[in-house]
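The values are calculated or read from the model by the stated rules, or taken from the named source; none is laboratory data. Note that the coordinates shown come from a computational prediction; the quantities given were computed from them, not determined experimentally. Cβ placement follows ideal geometry from the backbone for every residue including glycine, while neighbour counts extend to all protein chains displayed.
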Amino acid sequence: MKSTNLLMIVAVVAVSLAAINLIVTINKVGDIQALTGYATDTATANLTVQGAASITFVISNISWGSGYVNESPITFAVLDTVGNTINGTNWATVSTGLTLRNDGNNDVTINLSADKNSTQFIGGTAGNGPIFQWNVSNAEEGSCSNGGTNNATNITSFTDANITSQLACWNLSNDAASDLLRIDLRLEIPQDAAPGAKGVTITANATTI
């Protein structure tokens, strides 16, 4: 009888210890789940986009070829890039001006300058003397805004080109659908202009706005 009681006591103690161990284990698992389930942290990713001013002459050359001013009483010929050849023989008719594109990621201000004035470029004195002019317009709608006026350039009619820099567009957009300027040229060639090849370099400067 005593042996049986002793076995029962041992069994009860064993069961009790097992129950206590199970409870402790469950609590520890719960604590671990609580810790891992609610742990948070943060990370960041950073970069800086630099502004870039970049322009390209998409159409960079105009050539009327060779020709001459018609005989007297004509004193000069007119060549331009809007389809006119007046009082000249053999010169080609040109209907396309220079085209300038804003390739950068900022709007820019465009200034134009030439490396020669009309006398240096063409020469001669007959008629009105040598004339070298340019005119700037939008090759795509809305490309240039002039001091807040949409679709307006700063050289809206043929104006004497010169070595001195001239403001052509106050704000040339960098939007791919509206980032092109057209620069048309107009020349008057005096009949007494010296024969020979004649050329001029036109420079466009872009300043980030």
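Of Asp115, Asp103, Asp107, all but one fail to be touching a Leu at 6+ places or on another chain (Cβ under 8 Å), farther than 30 Å from Glu71 by Cβ and either charged (D, E, K, R) or touching a residue at least 12 places away in the same chain (Cβ under 8 Å) (or both); the exception is Asp107. A residue that is surrounded by 20 or more Cβ atoms within 10 Å (Cβ to Cβ), in contact (Cβ under 8 Å) with a residue 60 or more places away in the chain and part of a loop (DSSP other than H, G, I, E, B) can be found somewhere in segment 183-195.
On inspection, Gly104 qualifies as modelled with pLDDT under 95 and not in a strand (DSSP E or B). Among the residues of segment 171-185, are any in contact with a Cys (Cβ under 8 Å, 6 or more places away or on another chain) and polar (S, T, N, Q)? Yes: one or more hits.
To keep it simple, each residue is scored yes or no on (1) of a type in the set (Phe, Trp, Tyr); (2) within 20 Å of the chain's Cα centre (by Cα); (3) in the same structural domain as Ala77 (by TED's automatic domain parsing); (4) outside any loop (DSSP other than H, G, I, E, B).
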{"residue": "Ala92", "(1), (2), (3), (4)": "no, no, yes, no"}
{"residue": "Asn111", "(1), (2), (3), (4)": "no, yes, yes, yes"}
{"residue": "Thr119", "(1), (2), (3), (4)": "no, no, yes, yes"}
{"residue": "Gly123", "(1), (2), (3), (4)": "no, no, yes, no"}
{"residue": "Gln133", "(1), (2), (3), (4)": "no, no, yes, yes"}
